[in-house]
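*Asks:* Just passing along the structure, written as structure tokens.
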Amino acid sequence: MTSTGVCAAVSIAQALRSQIPDGAEVELFSSDLQRTLRTADEVAEAFRVKPVLDRRLREKSYGEAEGRPQEWLDRRFIPPPAAGERMDHDEGVQGAETKASWARRIYAAMDEILRNPCEHQIIVTHGGSLTCVVASWIKMPIESAGYASFRAPSGSITTLREDDFFHNRQVVSLGDTRHLVSAQTG
């Protein structure tokens, strides 16, 4: 992780710590890939919890493109059609996950996480996987997620909340980066 990434991880942990009351029960879940582990470690330290590493929270697999230059993938990638089947679309890269299999993986992780009755659950994952996390949270059926894209900058915080009365689910903020700005100026 770059020094900027380390600063972002610290800022994320501090911002979350300031938003969640002292003494509140907190659970922390993270992708097991290196890019998320440093952030998860900072958050774990701030809350004195142990992160639960879950490979289902990983980013989308691009099969044989992994570890190769972006240019290699760009030459082979077949974008999904504007209309028609998008979730099971073959992107033209051997071994790449379809959007459907990626979504099913993230949805399964979210189902398991949300079965826990903990009021504050923190999920550290990758930018692309955020779409599946949010879609799962709002209970968007997987087959309807072909056009969904919830984009957020790297190092940002997305806040999801369920109200205690109606049990409606809200996307309170998507990709909040105020903590990064204050870290750069402070």
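Values quoted throughout were computed directly from the atomic coordinates according to the rules given, and no laboratory measurement underlies them. Quick caveat: nothing in here was measured; it's all calculated off a predicted structure. For neighbour counting, all protein chains shown are included, and Cβ atoms are generated from backbone atoms with ideal geometry for every residue, glycine included.
*Asks:* Would you mind ranking His179, His89, His167 so that the residue whose beta carbon has the fewest other beta carbons within 10 Å leads the list?
*Replies:* Numbers: His179 21, His89 16, His167 7.
If I rank by nearby Cβ atoms, fewest first, I get His167, His89, His179.
*Asks:* At 25 °C and 0.890 mPa s, grab the translational diffusion coefficient of segment 81-136 from Stokes-Einstein with a Kirkwood Rh over Cα pairs, rounded to a whole number in µm² per second.
*Replies:* In µm²/s, the coefficient rounds to 191.
*Asks:* Against the longest alpha carbon principal axis of the chain, how many degrees, from 0 to 90 and to the nearest 10, is the axis of helix 34-47 turned?
*Replies:* 20
*Asks:* Report, in debye and to the nearest 20, how large the dipole of the chain comes out about its Cα centre when Lys and Arg carry +1 and Asp and Glu carry -1 on their Cβ. All intermediate terms of the calculation are to be shown ahead of the outcome.
*Replies:* Working: 22 positive and 26 negative charges, 53 e Å.
With only Lys, Arg, Asp and Glu charged at Cβ, the dipole is about 260 debye.
*Asks:* How big is the Cα convex hull of the chain in projection, averaged over all directions, in nm²?
*Replies:* Here the figure is 11.8 nm², rounded to one decimal.
*Asks:* Now a separate question. Using square roots of five times the C-alpha gyration tensor eigenvalues, list the equivalent-ellipsoid semi-axes of segment 76-179 in whole Å, biggest first.
*Replies:* Numbers: eigenvalues 141, 50, 33 Å².
Each semi-axis is √(5λ); the values are 27, 16, 13 Å.
*Asks:* Label Ala24 and Asp74 with points 7 Å out from Cα along Cα→Cβ: what is the distance between them in nm?
*Replies:* Distance between the two pseudo-spin positions: 4.2 nm.
*Asks:* Let me ask something else. Please state the relative contact order of segment 52-146 as a whole percent: Cα pairs under 8 Å, 6+ residues apart?
*Replies:* Relative contact order here is 35 percent.
*Asks:* Once label points are set 7 Å from the Cα along Cα→Cβ at both Leu114 and Val171, what is their separation, rounded to one decimal in nm?
*Replies:* 1.4
*Asks:* Under unit Cβ charges (Lys, Arg +1; Asp, Glu -1), what dipole magnitude, rounded to 20 debye, does segment 35-114 have relative to its Cα centre?
*Replies:* 160
*Asks:* Also, I was wondering about something else. Quick one: which residues, 5+ away or cross-chain, put their amide H under 5 Å from the amide H of Gly175? H built at 1.01 Å from N.
*Replies:* Ile157, Thr158, Thr159
*Asks:* Another question, if that's okay. Amide H of Val26 versus every other amide H placed in the peptide plane: which residues, excluding those fewer than 5 positions away on the same chain, fall under 5 Å?
*Replies:* Amide H neighbours of Val26: none.
*Asks:* May I have the pair-distance distribution P(r) for segment 35-127, computed from all Cα-Cα distances with 5 Å bins from 0 and rounded to whole percent?
*Replies:* Going from the shortest bin to the longest, the percentages are 2, 11, 18, 18, 17, 12, 10, 8, 3, 0.
*Asks:* Dividing the alpha-carbon Rg of segment 1-77 by 2.2 N^0.38 Å yields what?
*Replies:* Scaled against compact globular proteins, the figure is 1.38.
*Asks:* On C-alpha positions alone, give me the angle between the axis of helix 99-115 and the longest principal axis of the chain, in degrees, nearest 10.
*Replies:* 20
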